[in-house]
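S.K.: So that we are looking at the same thing, I have put the structure below in structure tokens.
Coordinate-derived values only; no laboratory data. All values reported here derive from a predicted model rather than from experimental measurement. Counting neighbours? That spans all protein chains shown, and the Cβs are built from the backbone with ideal geometry, glycine included.
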Amino acid sequence: KAGVTQTPRYLIKTRGQQVTLSCSPISGHRSVSWYQQTPGQGLQFLFEYFSETQRNKGNFPGRFSGRQFSNSRSEMNVSTLELGDSALYLCASRLGGANTEAFFGQGTRLTVV
Amino acid sequence: AQSVTQLDSHVSVSEGTPVLLRCNYSSSYSPSLFWYVQHPNKGLQLLLKYTSAATLVKGINGFEAEFKKSETSFHLTKPSAHMSDAAEYFCVVSDPTGANNLFFGTGTRLTVIP
């Protein structure tokens, strides 16, 4: 059974640009969540999608957005990149319920220069 | 409200000695609890989970954790540390309401001294 796949693994972008990250969850998983991980702030929740609907959203500015497709694949977009957006972005998929574990992808390392 | 406190940001042990990583949680409901491990520049890997069954949970790589409701704790232990255990460990509580959020602790970095 294939795991969670995130692409690309590494990205270097310039301030002001925008970026799109992709996440393919485990087959059958309908919940996809995104997290930002930085040395200073740790793991921070961005948003969660379930059956193509955003179910939860963290405390991030509107420059961060996402969507989920009918096949459960998800994308997140960051517009007008800032240096502080440099981070490891992790995607997690879950079957659904609160007692189900999340499976994480390897992450996308975004560097903004 | 749900929250997780990892009591140590950094733990250092000698190879072959026991490991104890401490976690306390706060939850208004019967929680589901998880421990994850993260090696450098990698995603998080599930070590074990507690979902209201046996209070002593065994995970991968010789790790186990005990759920103690009276102490609101879910400490992670391993009898004998191995060099490959050096990593960051996260304690996580799941919100059982409709939101289904995961709440992460701030992590404990485990160093294993040869």
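S.K.: Read phi for every residue in the range A:48-62 and hand back ³J(HN,Hα) as whole Hz from Karplus 6.51 cos²θ - 1.76 cosθ + 1.60, θ = phi - 60°, with x for Gly and Pro.
M.R.: 10, 10, 9, 6, 6, 10, 6, 9, 9, 9, x, 9, 10, x, x
S.K.: To continue, here is another question. How well do other chains shield peptide A:87-98, expressed as the mean number of their Cβ atoms within 10 Å of each residue Cβ? Walk me through the numbers before you get to the answer.
M.R.: Working: counts 0, 4, 0, 4, 1, 4, 0, 3, 0, 1, 5, 15.
So the per-residue partner count for this stretch is 3.
S.K.: Using Cα pairs closer than 8 Å and at least 6 residues apart in sequence, work out the relative contact order for the range A:1-91, in percent. Write down the numbers at each step before the final one.
M.R.: Values: 182 pairs, mean separation 30.4, N = 91.
Result for the range A:1-91 is 33 percent.
S.K.: Restricting to the protein assembly as shown, compute how many DSSP beta bridges are antiparallel as a %, nearest 5. Working shown, then result.
M.R.: On the way: 72 of 81 bridges.
Roughly 90 percent of the beta bridges in the protein assembly as shown run antiparallel, per DSSP.
S.K.: How big is D, in µm² s⁻¹, for chain A by Stokes-Einstein at 37 °C and 0.692 mPa s if Rh is the Kirkwood radius over C-alpha pairs?
M.R.: Values: Rh = 14.0 Å.
D, rounded to a whole number, is 235 µm²/s.
S.K.: Work out from phi, with θ = phi - 60° and the Karplus expression 6.51 cos²θ - 1.76 cosθ + 1.60, the ³J(HN,Hα) of each residue of the range A:67-74, listed in order in whole Hz, and give x for Gly and Pro.
M.R.: 7, 9, 9, 5, 8, 6, 4, 10
S.K.: Also: Tell me the relative contact order for the range B:10-56 as a rounded percent, counting alpha carbon contacts under 8 Å between residues six or more apart. Before the final figure, lay out the partial values.
M.R.: Working: 32 pairs, mean separation 13.2, N = 47.
Value for the range B:10-56: 28 percent.
S.K.: Just to be sure I understand: of the beta bridges DSSP finds with both ends in chain A, what percent are antiparallel, rounded to 5?
M.R.: For chain A, the DSSP antiparallel bridge percentage is about 90.
S.K.: Work out the mean other chain Cβ neighbour count within 10 Å for the residues of A:99-110 and drop it here as an integer.
M.R.: Values: counts 13, 6, 10, 9, 4, 7, 3, 4, 5, 0, 1, 0.
Partner-chain Cβ atoms within 10 Å, mean over residues of A:99-110: 5.
S.K.: How much of the DSSP bridge set in chain B is antiparallel, in percent, rounded to the nearest 5? The partial results should precede the final answer.
M.R.: Numbers: 35 of 40 bridges.
Looking only at bridges with both residues in chain B, the antiparallel portion is about 90 percent.
S.K.: Take the Cα coordinates of the range A:1-48, assign each an equal point scatterer, and use the Debye formula without solvent to give log10 I(q)/I(0) at q = 0.19 Å⁻¹.
M.R.: -0.83
S.K.: Now for a separate question. Per 10 Å bin, what percent of the C-alpha pairs of the protein assembly as shown does each bin hold, from zero upward?
M.R.: 8, 33, 35, 20, 5, 0
S.K.: Applying a 10 Å radius around every beta-carbon, put A:11-17, B:75-81 in order of their mean neighbour count, most first. Mind showing how you got there, number by number?
M.R.: Numbers: A:11-17: 12.0, B:75-81: 17.4.
The peptides rank, most packed first, as B:75-81, A:11-17.
S.K.: Taking R0 as 30 Å, what FRET efficiency do you get between B:THR106 and A:LYS57 from their Cβ-Cβ distance, rounded to the nearest 0.05?
M.R.: Numbers: r = 21 Å, r/R0 = 0.71.
After rounding, the FRET efficiency stands at 0.90.
S.K.: Just counting partner chain Cβ atoms within 10 Å, what average do the residues of peptide A:51-62 show around their Cβ?
M.R.: Working: counts 0, 0, 0, 0, 4, 6, 0, 1, 0, 0, 0, 0.
Partner Cβ neighbours, averaged per residue: 1.
S.K.: Given the C-alpha centroids of the range A:48-113 and the range B:42-75, what is the distance between them in whole angstrom?
M.R.: Cα centres, the range A:48-113 to the range B:42-75: 26 Å.
S.K.: I've got another one for you. A:ASN71 to A:VAL113: extension gain in nm, 0.36 nm per residue of separation minus the Cα-Cα distance?
M.R.: On the way: separation 42, 0.36 × 42 = 15.12 nm, distance 3.36 nm.
Going from the current span to full extension adds 11.8 nm.
S.K.: Remind me, relative contact order of chain B in percent, using alpha carbon pairs under 8 angstrom and six or more residues apart?
M.R.: On the way: 293 pairs, mean separation 42.0, N = 114.
In percent, rounded to a whole number, it is 37.
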